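Encoded as structure tokens, the structure appears first; notes follow it.
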Amino acid sequence: METLTELSMVLNGKTVPVRSDPRSRLSTVLREEFRLTGTKVGCDAGDCGACTVVINGQAVCSCLTAVGQLAGAEVLTIEGLRDSSPEFKRLQTSFLEHGAAQCGVCTPGMLVTAATLLQAHPEPSETEVMDALGGVLCRCTGYRKIIRAVIHANQSQQLAGSNGNATTGAALGGTSVGAIHRGSVGERIVRLDGLRKVSGQDVYGADEWPEDSLVLGVIRSPYAHAEFSFGDLAAFVEGTPGIHAVFTACDVPGKNCYGVHPAFADQPVFAEKIARYRGEAVAAVVGDACSMATFDPAAFAVTWKQLPALLTPSEAQSPGAAPIHTARPDNILVRGRVVHGDVESALREAAVVVEAEYETGFIEHAYIEPEAGFARRVGDRVEIQCCTQSPYVSRKDIAAILGIAEAAVRIIPTAVGGGFGSKLDLSTQPFLAVAAWHLRRPVKMIYSRTESIRSTTKRHPSKIHCRAGATADGRLLAMDLQGEFNTGAYASWGPTVAARVPIHGSGPYKVPHYRALTRAVHTHLVPAGAFRGFGVPQGTIAQEQVYDALAEKLRMDKLEFRALNALTDCDPTITGQVLGEGVGIRACFDALRPRWKAAHEEAAVFNAQNGSQLRRGVGVAGMWYGCGNTSLANPSTMRIGLQRNGRIAIHMGAVDIGQGSFTVVTQICADALGVSVDRFDLLPADTDVSPDCGKTSASRQTFVSGNAALLAGKKLREEILKVAGGWPESTHLHLSDGGLHLYEKSLRKHVVLHNLPLDARGYVLSAEITYDPPTKPLDPNGQGIPYAVYGFGAQLAEVEVDLELGTVKVLKLTAAHDVGRAINPTLVEGQIEGGIAQGLGMALMEEFIPGKGENLHDYLIPTIGDVPHVESILIEDASPVGPFGAKGIGEQALIPTAPAILNALYDAAGVRIHKLPATPDKVRAAILAKSGSGNAHA
Ligand code: FES
Ligand code: FES
């Protein structure tokens, strides 16, 4: 590259010349020129703080700093701090001990900012921590563990030799983090991939690329519905310096169509003649990095003709509305149905009936890592390294798109900087695959924040209408639920949402008469897909507010009403399934009761003293959630092997998106095998190497992959005991470098592993087991066994409402969740706290409006200042089929938060907001309308 400037700066203690254009962002220069990829980029706009570095002693967003300003400046990145700063090393240890890093993509920015705080304030208060970290967003953790980690950093040991080279936390456990834990089920061990995260050495989608990569950009529709035609593309390529190629639908070698549900696959890689939503891809442009950095999509040779768009389900279902897909009449993608009993008769007989409708909008996943990756052609195969939650499904779709065998596609997942469901769908991968296939050169792509928000899936907007009735003594009698979901232009996970919501619409309660009918409706909007809960959070917002109103009509305590109606082990669910064991919902309500009473008393005292403007309220909501796919095969295969060096290789095809599945699954396997977790080597997902553990979705990895790991561990143990000479099951195993030790009472045996023969998988001994949960198909009325395991939970929200301003401050969340068995309580709490933050956002601030808010300063997610104190109460009512009794928690944690907050809002201010989010303007309008001094609606 030509030298553009004589600029130099002191980077991590060394004076270095800077060759990039002085107008370049420091973040770009650090990552591209110096390959210091510990500094992350989440927005390039100063909104997320992921790119924070230290410049002349101050924490600064490097994406907002032109490198030309930095002549002679001292710049410290995470790479420099981890080698030099004692505060930073203590923070690393504290983050690990407290479980403050989940996906880890915000972690470098958090650590760098916190290190500058600790230099100035070695023992900061909670307020000082929250003020200092206010500009760094985290979408995973709910911030509480980060706050605790920073406050307590000075009590942590420095991380010895923290160069981040260790690949497992087990190695860490042996070097620096207090006691060496064996890692049994139930232990709070440090996450096994934690050291990489707190060292800035985890590799995310944008962090690695071959040196000779070209760069790909996508041309997208500016309109919700448009016809388009291309100009002379060959002339465009010819006449645009640095551009190597353009690809459109006619360049897709195989099928220009993919989708997560094969029966509903409808999404093209590149639209053909018609674009069905704003942001849909029509072409890809590939060029060298410099040319693509300045490429203006407006210069592309395409002509648009805007067409009338169907922007709401009502418009899409109106008489005469044109079909968005010809094979889907009335623009209905799919319907869902669960029916039992006689709802109408029961509602007529009910002593009280409540009817209400609640609406929610699109919710953006807003993970801090935008989609990114690279692809290269290797002979007649293609390899794609990218962030994804579903490598094996992606492999299948890419093979079909390229028209090649699945075995000719290799997907190598990177660390995932947050997914929450959206990275189940393809994003960059088809474009990269098509381009690399044709060009036979590596091609990389990183979505901008705007591109990520504009084009990737969202939570389904919903309109849920509920009628529910109860007897005079407070027994639920009937529920009638009608749900409409705006699924956008393509199917994505719409079929799953339409199927899941009717199964969960009763909540975790006995409802003798039940009817739930749902439909997913196409519009000319961005596709709605999977987002933590697959529609169940939207349904629960309606259901739990209606139940609250029923209890009020009955003059019953709202928690006791729920406890009275809670399912027990022997009750049939609304699909007729009797779980038999492990139904812990009543225990969750029991656990909340003390705080419920105390919170009401405290709120009453506060309101008596301050009630004219500030009012406090308390709300509760329950939830249940089926783990895994709905009545579908859902297998996970786990392979483990005893190596000659005395370590256990575990092939982890399950992608850890931050929730901690690497750690949890390994703890389960270690316990089953009977060895310490620090003897395990994690081999992360790679479709060429690791067996298929299925998607990371639907709270299935702990349950499904955990069971596969449990069985594989047991099987390998059996093999070891057999091969060692028929030792009894009660034998203790101990592995050391190159050796296997067996102990049983006074008997001892030592087996040297170095010279033993290897099996076909390359191990001394190995086991590979597939686990598929026992489910049964649903009949036309939705009766059957949709899930083998449900998780249960209930949350209690305490809020303070400013009646004048309409603001709602959440003071505290108490969350009781039945997780069956907390394999690693720290990680379970992390899921709960993170889920609560997302639920709070859904209740009070988040709504994506297509065409607006395509960035993180207009689309607001909770910051560190928005999250309440969280008290997690873990209930362990073991599932008979869960590994060690464990159930999932990933989706469960978010589901009751919004309705608990909304019920607390009602308790405080007497208003219900029927169209979320409950922003101050809506709350204020509802308060005015209630008091008769306004007619605004909410
Ligand atoms: S990348 Fe700089 S603030 Fe988001
Ligand atoms: S851990 Fe903070 S964004 Fe994922």
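The values are calculated or read from the model by the stated rules, or taken from the named source; none is laboratory data. Because the structure is predicted, anything quoted here is derived from the model rather than measured. Note: ideal-geometry Cβ built from the backbone for every residue, glycine included; neighbour counts use all protein chains shown. The protein model used for the area step is the full one, side chains on, heavy atoms only, and it has no ligands, DNA or RNA in it. Shrake-Rupley method; radii C 1.70, N 1.55, O 1.52, S 1.80 Å.
Of all residues in the range 433-456 being within 30 Å of GLY834 (Cβ to Cβ) and away from ligand 1 (no atom under 16 Å from the Cβ), which is most open to solvent (accessible area, probe 1.4 Å)?
First, pick out the residues of the range 433-456 that are within 30 Å of GLY834 (Cβ to Cβ): 444-456.
Next, from what is left, pick out any that are away from ligand 1 (no atom under 16 Å from the Cβ): 444-445, 454-456.
On the way: LYS444: 22, MET445: 4, ARG454: 66, SER455: 15, THR456: 12 Å².
The extreme case among them is ARG454.
Which of the residues belonging to the range 763-809 are assigned to a strand (DSSP E or B), open to solvent by less than 20 Å² (accessible area, probe 1.4 Å) and either out of contact with any strand residue (DSSP E or B) (no Cβ under 9 Å at 6 or more places or on another chain) or aliphatic (A, V, I, L, M) (or both)?
ALA767, ALA794, LEU796, ALA797, VAL799, VAL801
Tell me the residue from VAL29, VAL10 that is of a type in the set (Val, Ile, Thr), surrounded by 15 or more Cβ atoms within 10 Å (Cβ to Cβ) and away from ligand 1 (no atom under 16 Å from the Cβ), please. Give the steps one after another, and end with the answer.
Working: VAL29 fails: away from ligand 1 (no atom under 16 Å from the Cβ).
Within the list VAL29, VAL10, the selection yields VAL10.
Taking helices (runs of 4 or more DSSP H) that fall entirely within the range 457-571, which contain at least 1 residues that are in contact with an Asp or Glu (Cβ under 8 Å, 6 or more places away or on another chain) and either at pLDDT 95 or above or within 26 Å of ASN629 (Cβ to Cβ) (or both)?
On the way: elements: 494-504, 536-553, 558-565.
Correct list: 536-553, 558-565.
Identify the residue in the range 644-662 that is β-branched (Val, Ile, Thr) and at pLDDT 95 or above and, among all such residues, is farthest from ligand 1 (Cβ to nearest atom).
Narrowing the range 644-662 to residues β-branched (Val, Ile, Thr): 648, 650, 655, 657.
Those still in the list that are at pLDDT 95 or above too: 648, 650.
Working: ILE648: 39, ILE650: 34 Å.
This residue is ILE648.
Would you pick out the residues in the range 104-125 that are of a type in the set (Gly, Ala, Ser) and in contact (Cβ under 8 Å) with a residue 60 or more places away in the chain? Can you show your working first?
The first filter runs over the range 104-125 and keeps only residues of a type in the set (Gly, Ala, Ser), leaving 104, 109, 114-115, 120, 125.
Of everything in the range 104-125, those that are of a type in the set (Gly, Ala, Ser) and in contact (Cβ under 8 Å) with a residue 60 or more places away in the chain turn out to be GLY104, GLY109, ALA115.
Within the range 554-575, does at least one residue satisfy the condition of being small (Gly, Ala, Ser), closer than 30 Å to VAL339 by Cα and buried (at least 23 other Cβ atoms within 10 Å of the Cβ)?
From the range 554-575, those small (Gly, Ala, Ser) are 563, 566; that's our starting set.
From what's left, closer than 30 Å to VAL339 by Cα: 563, 566.
From what is left, the residues that are buried (at least 23 other Cβ atoms within 10 Å of the Cβ) are 566.
Checked the range 554-575: at least one residue is small (Gly, Ala, Ser), closer than 30 Å to VAL339 by Cα and buried (at least 23 other Cβ atoms within 10 Å of the Cβ).
Show the residue pairs that are 6+ apart or on different chains and have beta-carbon atoms under 8 Å apart, the first residue being within the range 408-423 and touching a residue at least 40 places away in the same chain (Cβ under 8 Å) and of a type in the set (Ser, Thr, Tyr), the second being part of a strand (DSSP E or B) and more than 16 Å from ligand 1 (Cβ to nearest atom).
THR414/GLY373; THR414/GLN385; THR414/CYS386; SER422/LYS458
Could you check ARG912 against (1) assigned to a helix (DSSP H, G or I); (2) of a type in the set (D, E, K, R); (3) open to solvent by less than 50 Å² (accessible area, probe 1.4 Å) and say which number it fails?
Status for ARG912: all satisfied but (1).
If a residue must be β-branched (Val, Ile, Thr) and more than 25 Å from GLY706 (Cα to Cα), how many such residues does the range 756-799 contain? Talk me through it step by step, then tell me what you get.
Initially, the range 756-799 is screened for residues β-branched (Val, Ile, Thr), giving 764, 769-770, 775, 785, 789, 799.
This time we only want the ones that are more than 25 Å from GLY706 (Cα to Cα), so: 799.
Final tally of qualifying residues: 1.
Against the condition within 16 Å of ligand 2 (Cβ to nearest atom), surrounded by 22 or more Cβ atoms within 10 Å (Cβ to Cβ), under 19 Å from the mean Cα position of the chain (by Cα) and part of a helix (DSSP H, G or I), how does GLY890 come out, does it pass? Step through it out loud before you land on a result.
Numbers: within 16 Å of ligand 2 (Cβ to nearest atom): yes; surrounded by 22 or more Cβ atoms within 10 Å (Cβ to Cβ): yes; under 19 Å from the mean Cα position of the chain (by Cα): yes; part of a helix (DSSP H, G or I): no.
It is false that GLY890 is within 16 Å of ligand 2 (Cβ to nearest atom), surrounded by 22 or more Cβ atoms within 10 Å (Cβ to Cβ), under 19 Å from the mean Cα position of the chain (by Cα) and part of a helix (DSSP H, G or I).
LYS715: on the phi > 0 side of the Ramachandran plot and open to solvent by 70 Å² or more (accessible area, probe 1.4 Å), yes or no?
Judged against the criteria, LYS715 is not a match.
If I filter the range 487-510 for residues that are open to solvent by 10 Å² or more (accessible area, probe 1.4 Å) and among the charged types (D, E, K, R), do I get at least one hit?
There is at least one residue in the range 487-510 that is open to solvent by 10 Å² or more (accessible area, probe 1.4 Å) and among the charged types (D, E, K, R).
If you take the residues in the range 609-637 that are of a type in the set (A, V, I, L, M, F, W, C) and at pLDDT below 95, which one is nearest to CYS693 (Cα to Cα)? Give the derivation first.
Taking the range 609-637 first, the residues of a type in the set (A, V, I, L, M, F, W, C) are 614, 618, 620-621, 623-624, 627, 632-633.
When the remaining residues are screened for being at pLDDT below 95, the result is 627, 632-633.
On the way: CYS627: 15, LEU632: 15, ALA633: 12 Å.
Checking each candidate, the answer is ALA633.
Could you please find all residues in the range 384-404 being closer than 21 Å to LEU439 by Cα, in a helix (DSSP H, G or I) and open to solvent by 10 Å² or more (accessible area, probe 1.4 Å)?
ARG395, ASP397, ALA400
Among the residues of the range 32-61 satisfying the criterion of being without any contact (Cβ under 8 Å) to a residue 60 or more places away in the chain and surrounded by 24 or more Cβ atoms within 10 Å (Cβ to Cβ), which is nearest to ligand 1 (Cβ to nearest atom)?
Filtering first and then ranking leaves CYS51.
Can you tell me which of VAL382, VAL393 is on the phi < 0 side of the Ramachandran plot and touching a Phe, Trp or Tyr at 6+ places or on another chain (Cβ under 9 Å)?
Working: VAL393 fails: touching a Phe, Trp or Tyr at 6+ places or on another chain (Cβ under 9 Å).
Step by step, each of VAL382, VAL393 is checked, and only VAL382 is on the phi < 0 side of the Ramachandran plot and touching a Phe, Trp or Tyr at 6+ places or on another chain (Cβ under 9 Å).
Looking only at residues that are open to solvent by 30 Å² or more (accessible area, probe 1.4 Å) and touching a residue at least 12 places away in the same chain (Cβ under 8 Å) in the range 126-146, which one is nearest to ligand 1 (Cβ to nearest atom)?
Looking only at the range 126-146, we keep the residues that are open to solvent by 30 Å² or more (accessible area, probe 1.4 Å), and these are 126-128, 130-132, 134-135.
Subsequent filtering for residues that are touching a residue at least 12 places away in the same chain (Cβ under 8 Å) retains 126, 130, 132, 134-135.
Values: GLU126: 24, MET130: 18, ALA132: 15, GLY134: 13, GLY135: 8 Å.
Going through the qualifying residues, I end up with GLY135.
Does THR15 qualify as being of a type in the set (Ser, Thr, Tyr) and within 16 Å of ligand 1 (Cβ to nearest atom)? Steps first, please.
Working: of a type in the set (Ser, Thr, Tyr): yes; within 16 Å of ligand 1 (Cβ to nearest atom): no.
Answer is no for this residue.
Has the range 849-871 got at least one residue that is open to solvent by 10 Å² or more (accessible area, probe 1.4 Å), farther than 30 Å from ARG188 by Cβ and outside any loop (DSSP other than H, G, I, E, B)?
Checked the range 849-871: no residue is open to solvent by 10 Å² or more (accessible area, probe 1.4 Å), farther than 30 Å from ARG188 by Cβ and outside any loop (DSSP other than H, G, I, E, B).
Here are the criteria: (1) assigned to a strand (DSSP E or B); (2) in contact (Cβ under 8 Å) with a residue 60 or more places away in the chain. Tell me which single one LEU874 does not satisfy.
(2)
From the set of residues in the range 31-63 that are in a strand (DSSP E or B) and not β-branched (Val, Ile, Thr), which is farthest from ligand 2 (Cβ to nearest atom)? Walk me through it before giving the result.
In the first step, residues of the range 31-63 are kept if they are in a strand (DSSP E or B); the result is 52-55, 58-61.
Filter once more, so that each one left must be not β-branched (Val, Ile, Thr): 58-59, 61.
On the way: GLN58: 22, ALA59: 17, CYS61: 16 Å.
Residue satisfying both the conditions and the ranking: GLN58.
Tell me, which helices (runs of 4 or more DSSP H) wholly within the range 169-241 include 2 or more residues that are more than 26 Å from the chain's Cα centre (by Cα) and modelled with pLDDT of 95 or more?
233-239
Take the residues in the range 180-222 that are among the basic types (Lys, Arg) and within 18 Å of PRO413 (Cα to Cα); name whichever of them is surrounded by the fewest Cβ atoms within 10 Å (Cβ to Cβ).
Pass one, the range 180-222, residues among the basic types (Lys, Arg): 182, 188, 191, 196-197, 220.
With the extra rule that they be within 18 Å of PRO413 (Cα to Cα), the set shrinks to 196-197.
Values: ARG196: 23, LYS197: 27.
Ranking the candidates gives ARG196 first.
Are any of the residues in the range 627-636 under 22 Å from HIS754 (Cβ atoms) and touching a residue at least 40 places away in the same chain (Cβ under 8 Å)?
Step one: of the range 627-636, the residues under 22 Å from HIS754 (Cβ atoms) are none.
Looking for residues that are under 22 Å from HIS754 (Cβ atoms) and touching a residue at least 40 places away in the same chain (Cβ under 8 Å), one finds none in the range 627-636, hence no.
Identify the residue in the range 64-104 that is among the β-branched types (Val, Ile, Thr) and either part of a helix (DSSP H, G or I) or open to solvent by 10 Å² or more (accessible area, probe 1.4 Å) (or both) and, among all such residues, is nearest to ILE189 (Cα to Cα). It would help to see each step written out before you state the result.
Just the residues of the range 64-104 that are among the β-branched types (Val, Ile, Thr), to begin with: 65, 67, 75, 77-78, 93.
Filter again for either part of a helix (DSSP H, G or I) or open to solvent by 10 Å² or more (accessible area, probe 1.4 Å) (or both), leaving 65, 67, 78, 93.
Values: THR65: 39, VAL67: 41, ILE78: 24, THR93: 13 Å.
Within the range 64-104, the match that is nearest to ILE189 (Cα to Cα) is THR93.
Among the residues of the range 313-333, which ones are of a type outside the set (A, V, I, L, M) and open to solvent by 80 Å² or more (accessible area, probe 1.4 Å)? Before you say what the answer is, go through the steps one by one.
Of all residues in the range 313-333, those of a type outside the set (A, V, I, L, M) come to 313-315, 317-320, 323, 325-326, 328-331.
Answer for the range 313-333, where residues must be of a type outside the set (A, V, I, L, M) and open to solvent by 80 Å² or more (accessible area, probe 1.4 Å): PRO319, GLY320, THR326, PRO329, ASP330.
Is it the case that some residue within the range 407-422 is buried (at least 24 other Cβ atoms within 10 Å of the Cβ) and closer than 22 Å to CYS250 by Cα? Working first, answer last.
Going through the range 407-422, the residues buried (at least 24 other Cβ atoms within 10 Å of the Cβ) turn out to be 409, 411, 413, 416-422.
So of that shortlist, the ones also closer than 22 Å to CYS250 by Cα come out as 409.
Yes, the range 407-422 has at least one match.
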